[in-house]
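Here's the structure we're looking at; comments come further down.
The values are calculated or read from the model by the stated rules, or taken from the named source; none is laboratory data. None of the values given here were measured: they were computed from a predicted structure. Glycine also receives a Cβ, built like all others from the backbone with ideal geometry; neighbour counts cover every protein chain displayed. Just the protein is used for accessible areas: all its heavy atoms, side chains included, with ligands, DNA and RNA removed. Shrake-Rupley method; radii C 1.70, N 1.55, O 1.52, S 1.80 Å.
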Amino acid sequence: MPDYRAIRTVIGQLPHGSDLLDGLTEFVQGKNIRLGRIQGIGATTHAVFAYYDQQTKTYNPIECKGGMEILSLSGNVSMRDGKPFVHAHIALSDGEGKVFGGHLMKGTTLFACEVTIDEFEGEILERGKDERTGLFLWKKGHLM
């Protein structure tokens with residue numbers, strides 16, 4: 001497996017009212033970050049995430065209307081169709097402390113969000129459709 005080394009860390013916040021996935025995507029594409037790790041915390045005014053059904057090979061969206069805390073935003077940046085691509089999951093809690101989460105989708109509107117993006121150098125990971133799972137996975141990158 002190739003070695004990877006962090007070459008830059010970017011820390012900042014995304015604007016109030018912006019779409020979380022679009023904001024992350026615009027940032028990494030604008031800075032041409034082709035390989036990276038994403039972490040974040042904050043709050044949403046509306047959230048959309050999905051559960052991937054392994055039988056039907058489809059994402060089933062789930063919406064949470066109203067304010068939610070972002071307990072954890074975790075993801076990565078790799079290449080898909082020649083452009084930097086964000087793949088992220090999110091864990092959210094409501095006012096009663098119930099936790100929800102899944103694959104981050106467009107439509108998650110931010111109240112506030114602080115993000116850390118670590119950019120790496122090394123062999124670029126390109127995503128392609130994996131017929132076995134139906135997912136767009138890294139074409140390389142096996143640990144074993």
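Taking residues in region 80-96 that are closer than 14 Å to ASP22 by Cβ, and partners anywhere that are in a loop (DSSP other than H, G, I, E, B) and open to solvent by 40 Å² or more (accessible area, probe 1.4 Å), the pairs with Cβ atoms closer than 8 Å and at least 6 places apart or on different chains are PRO84/ASN32; PRO84/ARG34.
Among the residues of region 73-114, those that are of a type in the set (Val, Ile, Thr) and crowded, with 17+ Cβ neighbours inside 10 Å comprise VAL77, VAL86, ILE90, THR108.
Within region 1-29, take every residue that is open to solvent by 70 Å² or more (accessible area, probe 1.4 Å) and not in a strand (DSSP E or B) and give me the one that is modelled with the lowest pLDDT. Result: MET1.
Cβ-Cβ distance below 9 Å, separation of 6 or more or different chains: which pairs start in region 53-71 with a residue that is more than 20 Å from GLY40 (Cα to Cα) and end on one that is surrounded by fewer than 12 Cβ atoms within 10 Å (Cβ to Cβ) and hydroxyl-bearing (Ser, Thr, Tyr)? From region 53-71, the pairs are GLN54/THR133; LYS57/THR133.
Scanning region 85-105 for residues that are over 18 Å from LEU135 (Cβ atoms) and not aromatic (Phe, Trp, Tyr) yields ALA91, LEU92, SER93, ASP94, GLY95, GLU96, GLY97, LYS98, VAL99.
Suppose the filter is of a type in the set (Phe, Trp, Tyr), open to solvent by 60 Å² or more (accessible area, probe 1.4 Å) and at pLDDT 95 or above; does TYR59 pass it? For TYR59, the condition - of a type in the set (Phe, Trp, Tyr), open to solvent by 60 Å² or more (accessible area, probe 1.4 Å) and at pLDDT 95 or above - is met. Taken over region 8-48, the criterion of being closer than 24 Å to ASP81 by Cβ and of a type in the set (A, V, I, L, M) is satisfied by VAL10, LEU14, LEU20, LEU21, LEU24, VAL28, ILE33, LEU35, ILE38, VAL48.
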